[in-house]
Amino acid sequence: MLTDVLHMEDDHYVKEPSEDWCSSNGHGDRMLQHLLQYLKEWKERGDDRPFFASYPFSAPHWPLQAPKEYIDHYRSVHDDGPEALCQKRLADYVKLGMFHADTKPYPVVADEVSGWEEMMEQERECRAEQWRRMQSDNGAEGAAYEALPMVKGPLMQRFGQYHNNGMRNFQGHELVPMRGKRMSRWVRGQEERVHERDHVHGWELCDREAIRKGNWKADLVPKPKGRESWQLYELSKDTGEIEDLAEK
């Protein structure tokens, strides 16, 4: 039974979704209805101006929900454990020409649980079921703050008051131009790449940092998941980021 739903349409919460409701159909089908209605009205107006329509899905992030027939379709995928699945997928990528035949994948790391071979049969079945339910993007809960009940009451009022993206909030303020490069010529096959070969870009999220220039990538992951020191990889030869060259 669904409780404390946080799904919204326009300016109100969806109080009582149906028992078979899931995020893919609930959001996707509803957005499609709105888009088709807009196209109908656009055609009736005889409007020939171009427009942009975005049709995004929230399901790959949180919450992870799917119709039962989709879950059943993938029920045996994880039965042999994460390492076996990793090797199978790598072999498929090599066959498709997406990776070199000598590519070494990053090892499966799960410090919080026993290795697949050490698990009892019942525990394997439980873990396989969890993977079927949770594996996507950064997981069902990528960080604890995603699970906190912070999206109701005063916080939503504050968003509406100070963080509305309507043009009225930009009046009298200088708009910072967007950074980046157009991808259109690359998409059409008119250019080999979007950025120059020696283009440098970096990023940071939750104290995890990385920077890349061409085939060289350096990253820093804090303990306990990482070494808490910078590591360096040459990606054209080491796609899985196995051989740390920082001290060589």
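The values are calculated or read from the model by the stated rules, or taken from the named source; none is laboratory data. All values derive from a computational prediction rather than experimental measurement. All Cβ positions, glycine included, derive from the backbone under ideal geometry; neighbour counts span all protein chains shown.
Assorted remarks:
- Any hit, segment 81-89, residues being touching a Leu at 6+ places or on another chain (Cβ under 8 Å) and at pLDDT below 85: no
- Unmet criterion (only one of (1) modelled with pLDDT under 90; (2) of a type in the set (Ser, Thr, Tyr); (3) within 24 Å of the chain's Cα centre (by Cα)) for residue 233: (1)
Matching residues to (1) at pLDDT 60 or above; (2) assigned to a helix (DSSP H, G or I); (3) in contact with a strand residue (DSSP E or B) (Cβ under 6 Å, 6 or more places away or on another chain):
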residue: 93; (1), (2), (3): yes, yes, no
residue: 102; (1), (2), (3): yes, no, no
residue: 114; (1), (2), (3): yes, no, no
residue: 131; (1), (2), (3): no, yes, no
residue: 151; (1), (2), (3): no, no, no
residue: 197; (1), (2), (3): yes, no, no
residue: 202; (1), (2), (3): yes, no, yes
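- Within segment 42-77, tally of residues that are modelled with pLDDT under 80 and either in contact with a strand residue (DSSP E or B) (Cβ under 7 Å, 6 or more places away or on another chain) or closer than 28 Å to residue 116 by Cβ (or both): 8
- Scanning segment 179-195 for residues that are at negative phi and not in a helix (DSSP H, G or I) returns 179, 181, 182, 183, 188, 190, 191, 192, 193, 194, 195.
- Any hit, segment 24-31, residues being surrounded by 11 or more Cβ atoms within 10 Å (Cβ to Cβ), within 23 Å of residue 70 (Cα to Cα) and of a type in the set (S, T, N, Q): yes
- If you go through segment 76-103 and keep only what is surrounded by 14 or more Cβ atoms within 10 Å (Cβ to Cβ), under 23 Å from residue 244 (Cβ atoms) and touching a residue at least 40 places away in the same chain (Cβ under 8 Å), you end up with 82, 99, 103.
- Selection status of residue 220, in the same structural domain as residue 239 (by TED's automatic domain parsing), out of contact with any Leu (no Cβ under 7 Å at 6 or more places or on another chain) and surrounded by 12 or more Cβ atoms within 10 Å (Cβ to Cβ): yes
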